[in-house]
Amino acid sequence: MTAMGEQVAAAADAYSETGHPLEIMHDLTQTYESVAQSANQGCGVSEPMPRLAQLVAASPVDAALHDAYGKTLAANSYNLLGKDYVNRDLSHYLNEDFQGETLDQYTLRSPKDCMPLYHLVGALDPLADADLPNRLNDGLPETLGEWIVHDQLTHMKIKLNGDDLAWDVERVIAVEAAAAAAQETLACTQWHYSLDFNEKCANVQYVLDFLAKLEEGSPAALSRVQYIEQPTHRDLRANPENRMHEAARIKPVVIDESLVDFESLLLARELGYSGVALKACKGHGEALLMGAAAQKHNLFLCVQDLTCIGASFLHSASLAARIPGIAAIEGNGRQYCPAGNADWETPYPGMFQLQNGTVATGALIEPGLGFSNPR
C-alpha cells in the first residue's frame, strides 16, 4: 500500500492537465488497478490489492490536493466546490440524476459549531471498577463510567462479536447499566449508541434476533441505538442473500467497508441498507461524492475514523462538520494513542478537549481543509 501511495503521488506530480482536485483525482483513479498491480509486483505480492486498500493508499494524495488548492486560493476547500471552480458537474462522477449539480449543493459553507463525539467501547474495555484487576494510573480515565464523567459523553460506539448472540446482548445491557450510573451523576437523560459487529454476523437473522433479545432485556438500551454498522460480510455481490430491509425498518443499517464507489452504494441500497458511513481515509473527494449520493437517496449518514490522531482526526472532523445530516463523529485516538495529538492540542484545544461530549468543529475554517500544521 505504501508503494502504491508513492506511485499515485508520482502520477499526480506528473499530471499535465489543469483542473479541480476532484477532476484530477477522478482521472488518477482510472489508473488505480494498474498502479496496484505494479506496486504488488515490486513488492513480490501475488494477491490482488482490494479496491478498499487502493483507496486508502491513495487518500493522502487526494487530501493533499484539496488542501493545497484551498491554501493556494486562500479559501476553505469546502467553499471551492461550486460552478465557479469545477469544470464537471456531478453526473460525470455519479449518474444522470445529478445533471447540473455540484458539491456545493451538498455541503455547508460554514462548519457546524460543535459535534458530539462517538467514544469507542471495545469488547475488552472495562465498564466499571469491578472490571479492573489492576489500574494503569496513566492519567486517563480507565472505565467507561470514568470516561463518561470526564468528557460528559453522550455517544458511544459498542464493539460486538457478531457470532455470540448471548454475549452481544449482555454486553450492550452491561454498557447501558454502566452508562446509566455515570449519566445519573451528570443529570444526563439522553445518550446514544452505535453498534459494530465487525462484519461477523452470519446473516441478517442474527441481527434481528439480537434486536429482539435486546428489546426484551433492555428496552432503554435499544431505544438509544442510533445505527448499526455493517453487520455482515462486506462482499455484497457474493452474499446477495444478506438483505437488510427488515433490520433497517428497526434501526438504520449502514454500509462501511462495502462502500468503495457509487455502484456499491446503489447495490447496498438495493439490498436494504439504509445508511452510509463515510471515511476520509477512502479519499476526500470520494467521501464528498458519496455524501452527495447518500443525501440524494435520503440515506442515514455518519462519519467514522480509524483511530485517527492529529491532522488525520481534524480532516475527518472537518468532513463531518461540512456535510448536512451528520449528527456525530468518531474519534478514539484520544483513548488509545493520545500522545499523537500533543502537537495539535494547543492550536485546536476544542478539538481534543471535549466539552459536554462535543468537539469544537467550528474552529476548522482555515484555508485548505480547515486547519494548518502547527510546526
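When you look at K83, is it surrounded by fewer than 14 Cβ atoms within 10 Å (Cβ to Cβ) and either without any contact (Cβ under 8 Å) to a residue 12 or more places away in the chain or within 29 Å of I365 (Cβ to Cβ) (or both), yes or no? Taking the combined requirement at face value, the residue satisfies it.
Could you tell me whether any residue of the range 128-140 is basic (K, R) and at pLDDT below 95? Within the range 128-140, one or more residues are basic (K, R) and at pLDDT below 95.
If you go through the range 279-292 one residue at a time, do you hit one that is closer than 26 Å to E215 by Cα and over 12 Å from the mean Cα position of the chain (by Cα)? The answer is no; no qualifying residue exists.
Selection of the range 120-150 for residues being of a type outside the set (A, V, I, L, M, F, W, C), part of a helix (DSSP H, G or I) and surrounded by fewer than 19 Cβ atoms within 10 Å (Cβ to Cβ) yields D129, D131, E146, H150. Scanning the range 335-371 for residues that are free of Cβ contacts under 8 Å to residues at least 24 places away in the same chain and either buried (at least 23 other Cβ atoms within 10 Å of the Cβ) or assigned to a loop (DSSP other than H, G, I, E, B) (or both) returns a single hit, Q353.
I'm checking my understanding of the structure. Among residues of the range 211-228 that are within 24 Å of the chain's Cα centre (by Cα) and without any contact (Cβ under 8 Å) to a residue 60 or more places away in the chain, which one is surrounded by the fewest Cβ atoms within 10 Å (Cβ to Cβ)? Among those residues, the one meeting the criterion is S223. Look at the range 31-55: where a residue is over 12 Å from A3 (Cβ atoms) and a partner is outside any loop (DSSP other than H, G, I, E, B) and charged (D, E, K, R), sitting 6+ places away or on another chain with Cβ atoms under 7 Å, you get L55/K282; L55/E286.
Would a scan of the range 164-175 turn up a residue that is under 27 Å from E199 (Cα atoms), in a loop (DSSP other than H, G, I, E, B) and under 24 Å from the mean Cα position of the chain (by Cα)? Scanning the range 164-175 turns up no residue that is under 27 Å from E199 (Cα atoms), in a loop (DSSP other than H, G, I, E, B) and under 24 Å from the mean Cα position of the chain (by Cα).
Considering only residues that are part of a loop (DSSP other than H, G, I, E, B) and modelled with pLDDT of 95 or more, look in the range 182-198 and name the one that is farthest from R234 (Cα to Cα).
At the first step, the residues of the range 182-198 found to be part of a loop (DSSP other than H, G, I, E, B) are 187-191, 197-198.
Subsequent filtering for residues that are modelled with pLDDT of 95 or more retains 187-191, 197.
On the way: A187: 40, C188: 36, T189: 35, Q190: 32, W191: 29, F197: 12 Å.
Within the range 182-198, the match that is farthest from R234 (Cα to Cα) is A187.
The values are calculated or read from the model by the stated rules, or taken from the named source; none is laboratory data. These numbers come from a predicted model, not from an experiment. Every residue, glycine as well, gets a Cβ built from its backbone with ideal geometry; the counts of neighbours run over all protein chains shown.
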